[in-house]
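Enquirer: Provided herewith is a single structure, encoded as structure tokens, for subsequent inquiry.
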Amino acid sequence: MEGFKTLLYKECLRFWKVGFQTVLSPVLTAVLYLLIFGHVLEDHVQPFPGVNYTAFLVPGLVMMTVLQNAFANSSSSLIQSKITGNIVFVLLPPISYREFYAAYVIAAVLRGAMCGAGVLLAALPFVSFDIAQPGWIVAFTLIGGAFLGSLGVIAGIWADKFDQLAAFQNFLIMPLTMLSGVFYSIHSLPAFWQGVSHFNPFFFMIDGFRYGFFGVSDVSPWTSIGVVLTCFVVLAVVTLQMLARGYKLRA
Amino acid sequence: MTPAIRIAGVTKRFRSLQALAGVDLEVAQGEFFGLLGPNGAGKTTLISSLSGLARPDSGTLEVMGHDVVRDYRAARMSLGVVPQELVFDPFFSVREMLVLQSGYFGLKKNDDWIDEILHHLDLTPKANANMRMLSGGMKRRALVAQALVHRPPVIVLDEPTAGVDVELRQGLWAFIRKLNQDGHTIVLTTHYLEEAETLCGRIAMLKAGRIVALDTTANLLQRFASHLLQVKLAAPVALPPLLAARVLREVDGGLEFGFEHFDDVADILAGVRAAGGSIVDMALGKPDMEQVFVGIMNQN
């Protein structure tokens, strides 16, 4: 247990030591999205009755930041350790593969949550809203963060070079995030694309998370949490299998 | 007494390369043991299999009686490995890294031992320096420190003195010797064969994934001859078969003969002259580990 706690502490310390890059930069990026899109679209779009566009945008940006940073944390930590070779420092000690998984995923969730909280705090001067159901916000932050943290572990282990990881991030994570309803309600899309959106697990994470703020969403939060939880469990099983077999870690 | 290391029937294949082809080996507790072999012989694969970094295709490995797969926690607690590559985590200082490494092994308060290791490895002045700021030799010693942080009874050093200057190397060996005298089992791989000859009580030589020699250092040194005679000739000559069989190797245009008794020297020289050889220089010597190593590798 001490090994797990130390690995978790080390993973948190690692991103905290470069906080400008890992926490403040994503917050600034999200705030710029908020200012620009909010300014341009505020008077033209009202996604939900009684919810203005800037307020609608905030939960989407918060969750997008949570997800992207959870993925970035575990994936970048692992690929850096693999490429520099210092991964041996966590493979030689008596740390089980379950502890290894838990440490990387929890650290990913913590960084995601910290970045998300930063975006929320930074957005407060620009929007005002009541939080309808905070329990959903916490639930989607934790499960969504763990989902992307797991995906980051898979990507970090699978990729042999930074280029492959960048491909994973830019051709999978980024499109799925941007097309998940961060910037729009899927009800504004043609029926075909609404249907396609239902195959994107990121849509359910954003939509369910947004429900926690406004109490309204495109689909039921129970449906969303069910989808997200199922995806997370599947991904967790796959990741644990990879770690148990030592895929690309233990020759 | 339980052996420090027990390896039985270990094989490992990487695609078409048979890295380990059935290795059996026991290292007793308290030994200073050398594992030698050319590049690609399987030394690092064997160490990786022992430490859990690689998974053998067949066979079993134990550290202090603990199977490295079934009882991996106890096995890894008993083993400290200094990896061959000069790796480090650029996010942390030397002390932070040692504290983290202690934690990985379940040790909460390890500061006194960390201070002692830093002192013995001449790293105290650099304890709070980031790993990136250290020289190659210091990084190497920091790796040794990491391997020792949980006081493992068995310490494996995979070419630990590569890139370390002579003075620091001597300091490192003094510390490792002290650990050995304190009861730690040391397993060393090195390309500096004189180091293995000086330090190791017993040596195994690996070639193409097999152990081709395993004996005490003293016995290995006498394997081909007790003494050596190096003879430099003005021009090459064809030696009669009986005399040619005593040539261990050709060195710098000369011939190196092995012999057991000093009376043999006169016979060898007479034989060379009888074959028409003109001797321009000669020297007597004792075999060293490099000659033994080359001889065994050529035999196999």
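Read the figures in this text as sums done on the coordinates, not as results from a lab. Computed from a predicted structure; not experimentally measured. Every residue, glycine among them, receives a Cβ derived from its backbone with ideal geometry; neighbour counts consider all protein chains shown.
Enquirer: What net charge is computed for the residues neighbouring B:Arg169, neighbours being all others with C-beta under 13 Å from the C-beta of B:Arg169, Lys and Arg scored +1, Asp and Glu -1?
Expert: Details: positive: B:Arg140, B:Arg141, B:Arg177; negative: B:Asp122, B:Glu159, B:Asp165, B:Glu167, B:Glu194, B:Glu195.
Net charge in that neighbourhood comes out at -3.
Enquirer: Which of the lysines could be linked to A:Lys248 by a straight reach, that is with a Cα gap under 25 Å, when you skip same-chain ones fewer than 8 residues away?
Expert: Straight-distance partners of A:Lys248: A:Lys5, A:Lys10, A:Lys82, A:Lys161, B:Lys12, B:Lys43.
Enquirer: Among the DSSP beta bridges whose two residues both lie in the stretch B:227-299, what percent are antiparallel, rounded to the nearest 5?
Expert: Details: 16 of 16 bridges.
DSSP beta bridges in the stretch B:227-299 are roughly 100 percent antiparallel.
Enquirer: Right, something else. Using only Cα atoms, tell me the angle between helix B:136-148 and the longest principal axis of chain B; keep it within 0 to 90° and round to the nearest 10.
Expert: 70 degrees
Enquirer: Among the DSSP beta bridges whose two residues both lie in the protein assembly as shown, what percent are antiparallel, rounded to the nearest 5? The partial results should precede the final answer.
Expert: Working: 39 of 56 bridges.
Of the beta bridges lying entirely in the protein assembly as shown, close to 70 percent run antiparallel.
Enquirer: For the stretch B:127-233, just run the numbers: alpha carbon Rg, then divide by 2.2 N^0.38 Å, N being how many residues it has. Kindly include the intermediate steps, with their values, before the conclusion.
Expert: Numbers: Rg = 16.9 Å, N = 107, 2.2 N^0.38 = 13.0 Å.
Its radius of gyration relative to the 2.2 N^0.38 Å reference: 1.30.
Enquirer: Shape of the stretch B:110-174 from its Cα gyration tensor (a ≥ b ≥ c, root eigenvalues): rounded if a/c is under 1.5, otherwise prolate when a/b > b/c, or oblate?
Expert: Values: a/c = 1.59, a/b = 1.07, b/c = 1.48.
In terms of gyration-tensor shape, oblate.
Enquirer: Let me ask something additional. Using only DSSP helix segments of four residues or longer, with each worth -39500 (n - 2.57), what per-residue ellipticity at 222 nm results for chain A after dividing by its residue count and rounding to 500? Kindly include the intermediate steps, with their values, before the conclusion.
Expert: On the way: 11 runs with 179 residues, N = 251.
Counting only the DSSP helices, I get -23500 deg cm²/dmol.
Enquirer: What is the mean number of Cβ atoms from other protein chains located within 10 Å of the Cβ atom of each residue in peptide A:1-13, rounded to a whole number? Could the numbers behind the result be given before it?
Expert: Working: counts 1, 7, 7, 3, 4, 10, 3, 1, 3, 10, 0, 0, 4.
Going residue by residue through A:1-13 and averaging, the value is 4.
Enquirer: Another question, then. Listing B:His227, A:His198 from the residue with the fewest other Cβ atoms within 10 Å to the one with the most, what is the order?
Expert: Working: B:His227 17, A:His198 14.
Listing B:His227, A:His198 from fewest to most nearby Cβ atoms yields A:His198, B:His227.
Enquirer: Next up: What residue among A:Phe214, A:Phe20, A:Phe202 has the largest mean-square fluctuation in a Gaussian network model of chain A, using Cα springs under 10 Å?
Expert: Sorting by GNM fluctuation, first place goes to A:Phe20.
Enquirer: Please give the FRET efficiency for A:Arg245 paired with A:His198, using the beta carbon to beta carbon distance and R0 = 41 Å, rounded to the nearest 0.05.
Expert: 0.80
Enquirer: If each residue's Cβ is checked for other Cβ atoms within 10 Å, how do B:Lys207, B:Lys43 rank with the fewest at the top?
Expert: Details: B:Lys207 19, B:Lys43 25.
Fewest to most other Cβ atoms nearby, the residues stand as B:Lys207, B:Lys43.
Enquirer: In addition: Can you give the helix-only mean residue ellipticity at 222 nm for chain B, where every DSSP H stretch with n ≥ 4 adds -39500 (n - 2.57) and the sum goes over all residues, rounded to the nearest 500 deg cm²/dmol? Write out the running numbers ahead of the final one.
Expert: On the way: 11 runs with 104 residues, N = 300.
Taking each H run of at least 4 residues, the total per residue is -10000 deg cm²/dmol.
Enquirer: Here is a further query. Out of all DSSP beta bridges in the stretch B:5-221, what portion is antiparallel? Express it as a percent rounded to 5. Numbers along the way, then the final one.
Expert: Details: 22 of 39 bridges.
Of all bridge pairs located within the stretch B:5-221, approximately 55 percent are antiparallel.
Enquirer: How far is helix A:2-17 tilted, in degrees, relative to the longest principal axis of the Cα atoms in chain A, given as a value from 0 to 90 rounded to the nearest 10?
Expert: The angle comes out at about 60 degrees.
Enquirer: Moving on to the next point. In whole Hz, with x marking every Gly and Pro, tabulate ³J(HN,Hα) for the stretch B:97-111 from phi via Karplus 6.51 cos²θ - 1.76 cosθ + 1.60, θ = phi - 60°.
Expert: My calculation for the stretch B:97-111 gives 5, 6, 5, 4, 4, 4, x, 4, 9, x, 9, 7, 10, 10, 5 Hz in order.
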